[in-house]
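*Asks:* I'd like to ask some things about the structure below.
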Amino acid sequence: MNVAIILLACVGLCVADTPGNCMYEDIKGTWKFYETERNGDNSISCDELGETVHENIFSLEFPNVVIDEQGNHGTWTMIYNQGFEININQRSYFAYSYYEGDWGSSTSYCNRTFNGWSRDVTVRNWSCFKTEKLTQVTPRVTKRPVLPHGNQMYKNDENLIKKINAAQTSWTAKAYPQHENYTIREMYLRSGGLASAMTKLPSAAPVSPHLKATVASLPDSFDWRNVGGVDYISPIGDQASCGSCYAFASAANLEAKLRITSKMERQDIFSPQDMVSCTYLDQGCFGGFDYLVAGRYAMEQGVVSESENPYLGKDAPCTTSKTAKRTYVSNYKHVGGYYGACNEATMMEAIVHRGPVSVSFQVYSDFHPYSGGIYHHTGFVNEFNPFEETNHVVLVVGYGVEESTGEKYWIVKNSWGEWWGEEGYFRIRRGTDECAIESMAVEIDIIP
């Protein structure tokens with residue numbers, strides 16, 4: 001079976017697969033919502049809408065303000081290019097933007113959504129809704145190249161490694177024999193997968209004078225692996241050949257926050273497999289977003305321990321027991337308050353004052369052989385394997401400055417095993433939005 005057929009088969013099987021591609025300018029504006037009775041619970045299915053009994057007009061304004069027809073204010077945010085979330089009048093609404101087609105070719109109709117889910121701030125009184133924008137939006141046609149040679153085994157590119165090491169001294173590359181255990185398709189999934197693909201790099205937000213003053217008071221370096229002699233970060237995981245980086249980063253975010261909040265009394269390891277298999281909010285092994293998993297899923301359904309649903313590294317039916325003990329978050333947000341407000345300064349402030357943050361960044365083929373130092377994209381690409389850039393989700397645990405060069409960096413926990421990079425971690429340039437790493441961070445508040 002070639003990779004094109006595999007992709008099409010997955011689209012048919014995964015309810016949440018979304019090749020949608022709607023931009024901020026498509027979503028901003030006035031929408032009409034049609035909502036069912038608010039009497040469901042968190043097991044509600046919105047596949048079929050049913051009778052609608054509530055109608056609302058919501059105006060989504062710049063940068064993240066929503067106003068209803070009565071003049072009540074709330075907030076909204078894009079979920080990358082996949083959909084949007086609204087919080088107003090003590091209720092939260094989420095829906096995916098509507099599209100037709102598949103991963104090879106899709107048309108996004110950004111003036112409407114698929115059926116969405118709504119609930120109140122107590123995470124009760126659930127309902128379903130549909131919505132349409134009151135102004136027309138030109139459909140977006142997106143064509144994505146099929147990954148060729150996907151079933152061939154990955155080969156380390158020695159020429160690429162030599163070019164990287166000869167061209168700069170900030171970081172070093174090496175060949176990892178472990179990578180050659182994967183096919184090209186599997187390496188692609190380890191780097192994020194189709195559901196996380198960045199078709200246009202977002203940008204970090206500008207820094208206000210007030211925020212600059214706040215950051216000036218922060219330490220020059222900070223690392224949650226050693227705060228007062230305590231390591232608050234859970235062990236490195238390995239996502240294997242599944243595009244579940246968002247689940248590992250979400251689990252790492254939750255685990256770190258739980259250690260910090262409980263003063264190390266709880267050192268749970270949460271189940272990435274539960275996040276892969278048990279929610280409509282991601283695309284399983286084809287990718288997902290930490291905002292929806294570490295945030296919305298953990299608030300609405302709760303997360304379970306690794307022992308409740310051990311990691312399989314593949315799409316599988318949900319086997320988590322309904323009686324499993326769950327841990328919840330009380331709040332989640334994009335760093336800065338909404339998608340588009342993140343930058344170096346807001347990330348530093350969040351990390352020092354509240355804990356690690358999960359981030360998305362662009363993986364290029366020169367990142368795979370990284371073995372140490374402060375990474376930046378060299379511009380070199382793999383000559384042997386036809387990779388497309390993908391969006392990888394990881395956990396930023398701290399930051400620092402290289403004494404010998406003055407180069408600033410983030411300290412980042414990856415999910416490719418301890419054998420990769422700096423014992424499972426990597427450092428990447430800070431302050432330049434390297435590979436969009438300062439554009440889409442997520443922080444959460446956990447209930448210990």
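The numbers here are math on the coordinates, done by the rules we state, and not lab data. Because the structure is a prediction, the values reported are computed rather than measured. Every residue, glycine among them, receives a Cβ derived from its backbone with ideal geometry; neighbour counts consider all protein chains shown.
*Asks:* How much of the calculated P(r) for segment 87-142 lies past 17 Å, in percent of all Cα pairs?
*Replies:* The proportion of pairs with Cα distances above 17 Å equals 48 percent.
*Asks:* OK, next. Could you work out, for the chain, what percent of all Cα-Cα pairs fall into each 20 Å distance bin, beginning at 0 Å and stopping at the bin that holds the largest distance?
*Replies:* 26, 59, 15, 0
*Asks:* Could you give the nm distance between label points at Thr135 and Ser330, where each point is 7 Å from its Cα heading toward the beta carbon?
*Replies:* Label-label distance for Thr135 and Ser330, simple model: 4.0 nm.
*Asks:* What is the sum of charges around Tyr34, taking Lys and Arg as +1, Asp and Glu as -1, for the other residues whose C-beta is under 15 Å from the C-beta of Tyr34?
*Replies:* -2
*Asks:* Need the full-extension length gain, Thr30 to Ala316, defined as separation in residues times 0.36 nm minus the C-alpha distance. One decimal, nm.
*Replies:* Working: separation 286, 0.36 × 286 = 102.96 nm, distance 3.92 nm.
Computed gain between Thr30 and Ala316 is 99.0 nm.
*Asks:* Here's a follow-up. Zone of Val401 (label point 7 Å along Cα→Cβ, backbone N under 13 Å): which residues in segment 216-252?
*Replies:* Once the point is set 7 Å along Cα→Cβ of Val401, 216-222 turn out to lie under 13 Å by backbone N, inside segment 216-252.
*Asks:* For q values of 0.09, 0.15, 0.16 Å⁻¹, compute log₁₀ I(q)/I(0) with the Debye formula on a Cα-only model of segment 189-332, without solvent.
*Replies:* Calculated log10 I(q)/I(0) at the listed q: -0.33, -0.84, -0.92.
*Asks:* Given the convex hull over the Cα atoms of segment 89-203, what projected area results after averaging over all orientations, in nm²? Mind dumping the intermediate values first?
*Replies:* On the way: hull surface 50.1 nm².
Mean projected area for segment 89-203: 12.5 nm², to one decimal.
*Asks:* Hey, what does the equivalent ellipsoid look like for segment 16-145, semi-axes from the Cα gyration tensor as sqrt of 5 times each eigenvalue, largest first, whole Å? Kindly include the intermediate steps, with their values, before the conclusion.
*Replies:* On the way: eigenvalues 115, 63, 30 Å².
With the √(5λ) rule applied to segment 16-145, the semi-axes are 24, 18, 12 Å.
*Asks:* Next question. Compute the signed sum of charges (Lys and Arg +1, Asp and Glu -1) over the other residues within less than 15 Å, Cβ to Cβ, of Gln70.
*Replies:* Taking every other residue near Gln70 into account, the sum is -1.
*Asks:* Here is a further query. Can you run phi through the Karplus equation (6.51, -1.76, 1.60; θ = phi - 60°) for segment 270-282 and list ³J(HN,Hα) in whole Hz, with x for Gly and Pro?
*Replies:* 8, 8, x, 5, 4, 5, 6, 9, 10, 9, 7, 8, 9
*Asks:* Additional query: Just to compare against my own numbers: the Cα pair-distance distribution for segment 68-107, 10 Å bins, whole % per bin, please.
*Replies:* Taking every Cα pair in segment 68-107, the percentages come to 25, 40, 23, 12, 1.
*Asks:* I need the calculated FRET efficiency for the pair Thr214 and Glu51, taking r as the beta carbon distance and R₀ as 41 Å, to the nearest 0.05.
*Replies:* 0.25
*Asks:* Follow-up question, since we're still on this one. Apply the Karplus curve 6.51 cos²θ - 1.76 cosθ + 1.60, θ = phi - 60°, to the phi angles in segment 324-329 and return the couplings in whole Hz, x for Gly and Pro.
*Replies:* 3J(HN,Hα) across segment 324-329, in whole Hz: 4, 5, 10, 10, 10, 9.
*Asks:* Enumerate the calculated ³J(HN,Hα) couplings along segment 40-48 in order (Karplus 6.51 cos²θ - 1.76 cosθ + 1.60, θ = phi - 60°), each rounded to whole Hz, writing x wherever the residue is Gly or Pro.
*Replies:* Karplus values, whole Hz, x for Gly and Pro: x, 10, 6, 9, 4, 9, 10, 4, 10.
*Asks:* Set Lys and Arg Cβ to +1 and Asp and Glu Cβ to -1, take the dipole of the chain about its Cα centre, and tell me which of His334, Ala294, Phe33 lies farthest positive.
*Replies:* His334
*Asks:* What number do you get for segment 324-363 when its Cα radius of gyration is normalised by 2.2 N^0.38 Å, N = residues?
*Replies:* Working: Rg = 12.5 Å, N = 40, 2.2 N^0.38 = 8.9 Å.
So the Cα radius of gyration is 1.39 times the expected 2.2 N^0.38 Å.
*Asks:* Which residue fluctuates the most in the chain, going by a Gaussian network model with Cα springs under 10 Å, if the choices are Gln70, Gln152, Gln239?
*Replies:* The residue with the greatest mean-square fluctuation here is Gln70.
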